[in-house]
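The values are calculated or read from the model by the stated rules, or taken from the named source; none is laboratory data. Computed from a prediction, not measured in an experiment: that's the story for all the values here. Every residue, glycine among them, receives a Cβ derived from its backbone with ideal geometry; neighbour counts consider all protein chains shown. For accessibility, only protein heavy atoms count, side chains too; no ligands or nucleic acids. Shrake-Rupley method; radii C 1.70, N 1.55, O 1.52, S 1.80 Å.
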Amino acid sequence: MNITANRAPSPQPHTGAPRKPLYKSLFIQILAAVVAGVLIGHFWPGIGAALRPLGDGFIQLIKMIIAPLIFLVIVTGIAAVSDVKAVGRVGVKALAYFTGATLFALVFGLVVGNLFQPGAGLNIDPASLSQDALNAKTATAPPKDAGAFLLGIIPTSVVGAFASNNLLQVLCFAVFFGAAIVVVGRERCLPVLTLMETVLELFFKIMGWVMRVAPVGAFGAMAFIIGQYGLGSLGTYALLIAACYGAALVFIGLLFVVAWVYPRVPLWQFVKYTREEFVLALGTASTESVLPRIMTKLTNAGCSRATTGLVIPTGYSFNLDGAALYLSISLLFLAQAFGYNLDLGQQLAALGVLMLTSKGMAGVPGSAFLALSATAGALGIFPVAGVALLLGADRLMDSMRVVVNLLGNCVATFVVAKWEGQFDHAAMLRAFAGDTTTAEGTEPGSTPVPDGQVTAAGIEPSPSAETSPVAASPAAAR
């Protein structure tokens with residue numbers, strides 16, 4: 001389905017309005033908060049470690065609205081598409097892309113691990129490592145087999161899915177609910193859709209309020225990480241860190257190529273357009289903290305709301321490219337640290353196990369340790385207790401994983417939207433240029449989602465309406 005056929009020419013953005021003072025920019029506020037957090041954590045580690053509740057509190061505020069917001073975005077997006085088969089195609093194409101991207105990331109990580117040999121020469125004695133420390137990281141979430149994971153996507157209770165903030169279960173119910181609206185008929189369900197669009201606008205307003213305290217959350221999270229683990233930890237795992245971050249830079253370069261070759265997205269402009277979200281994700285070491293805003297900005301940038309609503313939440317569990325890089329490099333690091341040289345067959349077997357254990361890791365405490373422990377236990381390459389060797393390095397990898405995971409899911413959304421014919425390239429260029437037509441109240445030269453304010457942008461009209469797919473409010477979409 002091509003959504004670009006009935007586009008009315010958009011007015012040119014205004015050029016005479018004054019820019020906001022620099023100190024009012026959310027990007028500058030978060031960046032300053034991250035720097036302040038690093039300084040506090042380094043020079044006063046005790047104070048830094050005690051600031052953890054600030055970061056955790058902000059993450060909880062975001063989690064408070066994620067489940068209902070995703071439900072509303074997906075349901076109204078599917079209703080706007082009015083084609084159940086199109087929704088199914090989007091899901092299949094997204095999963096196909098996720099599988100290919102994850103497989104490539106794992107293979108690429110193994111190549112990097114073999115080339116750089118980050119664990120060679122360490123000669124670690126497994127008996128010297130604490131199994132208790134590893135148990136503390138992984139005891140809360142035992143690894144699932146493939147069947148248990150797939151069954152876990154189906155909610156046993158709709159209320160329970162929302163209460164536990166299980167995004168895959170919420171997404172599953174939302175798809176059924178949206179498909180039911182399409183089958184029953186948009187006109188008959190118009191009162192329900194009108195109510196949902198109004199509630200969606202309310203949630204975006206709440207999100208705008210929450211984002212006002214984002215610098216406080218970033219400050220607390222960064223102060224805790226540096227205060228708890230210290231900058232000195234960098235030296236202990238220098239080669240492993242260098243291998244992971246080097247691999248991440250190359251992988252990001254490949255994402256730039258993919259984004260430009262197929263959907264023709266200038267990814268550097270997209271990163272500039274979403275710089276606030278990326279800095280916030282880095283500061284809080286969590287992609288969940290920016291999930292609602294990144295979905296809004298992708299919709300403003302020309303991806304249909306249905307595609308964005310399906311791809312992004314699913315990608316948070318199925319398309320963890322940064323985590324896949326880290327897992328494959330860390331697996332070889334551990335094997336080399338204990339003096340094992342894995343042959344091609346063992347590495348291929350490890351690749352298959354990691355493909356299964358890496359899925360659904362998002363939001364699971366100690367997920368990387370669970371995946372590596374399950375792989376070590378399945379293959380018998382090295383003692384499971386040896387995974388505890390990574391306890392000191394895991395938090396230092398958060399920045400790499402967060403950036404690659406988030407950017408990989410954004411590229412996946414552009415690719416799938418283009419693949420399905422639900423991508424408006426002209427709307428993307430207008431959003432990158434800061435066109436005020438994508439959201440009310442946006443100043444020239446700023447992003448379509450202004451600092452401290454998040455609108456219900458991205459609400460699409462019915463296919464017959466000759467208006468932009470990105471409306472400023474539900475009222476404008478009707």
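As an exercise: evaluate Arg188 against (1) among the charged types (D, E, K, R); (2) part of a helix (DSSP H, G or I); (3) over 30 Å from Trp419 (Cβ atoms) and give the number of the one condition it does not meet.
The number of the failed condition is (2).
Just the residues that are more than 18 Å from Val90 (Cβ to Cβ) and among the basic types (Lys, Arg), please, taken from the range 399-427.
Arg401
Pairs please, first residue from the range 23-34 and without any contact (Cβ under 8 Å) to a residue 40 or more places away in the chain, second anywhere and in a helix (DSSP H, G or I), Cβ atoms under 7 Å, 6+ apart in sequence or on different chains.
Taking only residues 6 or more apart or on different chains, the pairs are Ile28/Leu22.
When the residues of the range 93-120 are narrowed to those that are under 20 Å from Glu420 (Cβ atoms) and out of contact with any helix residue (DSSP H, G or I) (no Cβ under 6 Å at 6 or more places or on another chain), which ends up least open to solvent (accessible area, probe 1.4 Å)?
Here is the first cut: in the range 93-120, the ones under 20 Å from Glu420 (Cβ atoms) are 93-101.
With the extra rule that they be out of contact with any helix residue (DSSP H, G or I) (no Cβ under 6 Å at 6 or more places or on another chain), the set shrinks to 95-96, 99-100.
Values: Leu95: 77, Ala96: 57, Thr99: 70, Gly100: 41 Å².
Residue satisfying both the conditions and the ranking: Gly100.
Quick check on the range 235-274: of everything there that is among the aromatic types (Phe, Trp, Tyr) and open to solvent by less than 60 Å² (accessible area, probe 1.4 Å), which residue is modelled with the lowest pLDDT? Outline the logic, then answer.
Applying the first criterion (among the aromatic types (Phe, Trp, Tyr)) to the range 235-274 yields 237, 245, 251, 256, 260, 262, 268, 270, 273.
Going one step further and asking which of them are open to solvent by less than 60 Å² (accessible area, probe 1.4 Å), we end up with 237, 251, 270, 273.
Working: Tyr237: 74, Phe251: 95, Phe270: 95, Tyr273: 93.
Here the answer is Tyr237.
Residues that are at pLDDT below 75 and farther than 20 Å from Gly352 by Cβ: find the helices (runs of 4 or more DSSP H) completely inside the range 74-161 holding 3 or more of those. So that I can check it myself, show each step before the final result.
On the way: elements: 84-116, 131-138, 146-152.
Because the criterion is at least 3 residues that are at pLDDT below 75 and farther than 20 Å from Gly352 by Cβ, the helices (runs of 4 or more DSSP H) in the range 74-161 that meet it are 131-138.
Is at least one residue of the range 344-356 open to solvent by less than 10 Å² (accessible area, probe 1.4 Å), touching a strand residue (DSSP E or B) at 6+ places or on another chain (Cβ under 9 Å) and more than 30 Å from Ala32 (Cβ to Cβ)? Please lay out each step first, then the result.
Step one: of the range 344-356, the residues open to solvent by less than 10 Å² (accessible area, probe 1.4 Å) are 350, 354.
Next, from what is left, pick out any that are touching a strand residue (DSSP E or B) at 6+ places or on another chain (Cβ under 9 Å): none.
No, the range 344-356 contains no residue that is open to solvent by less than 10 Å² (accessible area, probe 1.4 Å), touching a strand residue (DSSP E or B) at 6+ places or on another chain (Cβ under 9 Å) and more than 30 Å from Ala32 (Cβ to Cβ).
For Gly309, state whether it is modelled with pLDDT of 80 or more, in contact with a Lys or Arg (Cβ under 8 Å, 6 or more places away or on another chain) and open to solvent by less than 10 Å² (accessible area, probe 1.4 Å). Please lay out each step first, then the result.
Numbers: modelled with pLDDT of 80 or more: yes; in contact with a Lys or Arg (Cβ under 8 Å, 6 or more places away or on another chain): no; open to solvent by less than 10 Å² (accessible area, probe 1.4 Å): yes.
So Gly309 fails the test.
Please specify each residue of the range 287-302 satisfying the condition of being under 13 Å from Phe432 (Cα atoms) and not in a helix (DSSP H, G or I). Quick ask: steps written out before the conclusion?
As a first pass, look at the range 287-302 and keep what is under 13 Å from Phe432 (Cα atoms): 297-302.
Passing the criteria: Ala301, Gly302.
Looking at the range 251-286, which of its residues are under 17 Å from Ala301 (Cα atoms), under 14 Å from the mean Cα position of the chain (by Cα) and outside any helix (DSSP H, G or I)?
Residue satisfying the conditions is Thr274 alone.
Hey, which of the helices (runs of 4 or more DSSP H) in the range 383-478, taking only ones fully inside, have at least 3 residues that are at pLDDT 90 or above, charged (D, E, K, R) and at negative phi?
Values: elements: 398-419, 425-432, 474-477.
Of the helices (runs of 4 or more DSSP H) lying wholly inside the range 383-478, none has at least 3 residues that are at pLDDT 90 or above, charged (D, E, K, R) and at negative phi.
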